Amino acid sequence: MVSHVQLPPEIQLAQRLAGNEQVTRDRAVKKLRKYIVARTQRASGGFTHDELLKVWKGLFYCMWMQDKPLLQEELGRTISQLIHAFQSAEAQHLFLRTFWQTINREWTGIDRLRLDKYYLLMRMVLNESLTALKMRGWEERQTEQLLELLTTEILHPDSQAPNGVKSHFLEIFLEELTKVGADELTAEQNLRFIDPFCRIAARTEEPLVLHNITRGIFETIVEQAPFAIEDLMKELEEEEDDEMSEGNEEMSAGKERERGQDVPSKKPWKGSIHGAEPDVDEEQGEDDEDSTGPFLQFDYEAVANRLFEVASHQSTPSQNRKRLYKVIRKLQHLAEGGFPEDEVPEKAYRSLQGGRRERKAKKRLPKSRLQNKTGKGGKEDPPPGLSPGSERMRRRRGVGPNPTAHQEQPGDRGRRGAPRKKRRPQGGARAKVASGQEPKTQQ
């Protein structure tokens, strides 16, 4: 008799996660969450590196089998939120490490029709990892561990991450950090978050990584500078207004008490007619249309100094140093109170609404429209290859707009090329030739 071998729970869950039926996959995801919570609650529990690799392989193909964008988004959110089922920070970091290792290993096998769903999954996992860090109060030790994990698995020269993973990660990092921590993070904390990118940009030998870090991190900081300054000024003004309003209320209340009168409450009770407040959602909706949301605050001088520190090393490649020095000059200009360019707020607003800075492309007219297009006053444009000066000279001499064009004559049909002109002899020579005498040559 053949003995039946019991498979480990991780392998069983992975097989169900990659099943053909959606109902089976949905049940497997729910069971996986319960299994993670039950196992990590025990003191002797926890997952090994190999066990989480098996779990992530099942989750990878669970996403592979899912179609329809809305269902893909829902599944991606469910998978990314599994990080909160782990009870310790070490287990969460191991879960994230095995995720990025799985993405790096399976990336080359993803076809172009399935790339978007995995781009979305990467964004959601990064967002939830920053959210877990936020729930722990942005602890410095936890922040360093997360940044070390991301640097080792994605940006380090020895990592196995493909260029597509690196490029997408550098594109979405600041966006997701802004969504999660723009309201709480200080300039010093934000400098700590971008410090690994400064070190990688100074020593990398891959031009693509250098370009993506410069474009996705440092130039984005420069572009968002006007809005970050405006956001900070608004916060300061709101704090001043709140302090002034509180002081005025205290002063008015003190005067009323001196008079011996009761201070009526300014807020009517909810059931009264006067207590009907305007619809807050409508006002917020109007404000949201004009605002672009919070932005990360940076000490531009500190960022420039840190970049100069890493870029001025002798081991830094010359092309990296040259590229970083350009960014340093922009940051120093911002630290002195200047702006990147004139009319930055409007341009940066359009670029932020579009997700990236707009690239102006020259619009080319079709050839048919170019041929039919005329200049001012109804005059035809000069033919190609002729300058305006040569066109004027031809008009003074009485030559048509295109002297090289051959006008077809009735007798020219069937002949190739332009008609040749016959040389006519002079008057005296013509008469002598007609009489049969040869013309005398002048000696």
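Throughout, read-outs are computed from the coordinates displayed, never taken from laboratory work. Quantities reported herein were computed from a predicted structural model and do not represent experimental measurements. Glycine also receives a Cβ, built like all others from the backbone with ideal geometry; neighbour counts cover every protein chain displayed.
Placing R0 at 51 angstrom, the Cβ-Cβ distance between Ala89 and His313 gives a FRET efficiency of 0.95 after rounding to 0.05.
Summing charges over neighbours of Leu147, with a neighbour being any other residue whose Cβ is under 10 Å away from its Cβ, gives -2 when K and R count +1 and D and E count -1. With R₀ fixed at 25 Å, the C-beta to C-beta distance from Ser159 to Asn20 puts the FRET efficiency at about 0.15. Ordering Ile213, Ser167, Ile200 by the projection of their Cα atoms onto the charge dipole of segment 163-229, which places +1 on the Cβ of Lys and Arg and -1 on the Cβ of Asp and Glu, puts Ile200 at the extreme positive end. With the cut-off at 20 Å, report for segment 1-84 the share of all Cα pairs above it, as a whole percent. That fraction is 34 percent.
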